[in-house]
């Protein structure tokens, strides 16, 4: 349970940093504000997989 919580927190941090560095690369919605939120959510979802694997390897 702690590994999942740590993975979610780290994925939000890594996804947020990725969003700040890369910006809105994907057009997911015509509304600008909604598109920003969807891009941030997509970056967090993409970051979750490698972060989860790293956390599982790091925390036995």
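The values are calculated or read from the model by the stated rules, or taken from the named source; none is laboratory data. Since the structure is predicted, the reported quantities are computational estimates derived from the model, not experimental observations. Using ideal geometry, Cβ is built from the backbone for each residue, glycine included, and neighbour counts are taken over all protein chains shown.
Going through the stretch 38-60 one residue at a time, which ones are assigned to a helix (DSSP H, G or I) and either surrounded by fewer than 15 Cβ atoms within 10 Å (Cβ to Cβ) or in contact (Cβ under 8 Å) with a residue 60 or more places away in the chain (or both)?
41, 45, 46, 49, 50, 53, 54, 56, 57, 58
Among all residue pairs at least 6 apart or on different chains, which show Cβ distances below 9 Å where the first residue, located in the stretch 1-23, is on the phi > 0 side of the Ramachandran plot and the second is crowded, with 18+ Cβ neighbours inside 10 Å?
So the pair list comes out as 23/39.
With respect to residue 50, determine if the residue is modelled with pLDDT of 95 or more and more than 9 Å from the chain's Cα centre (by Cα).
yes
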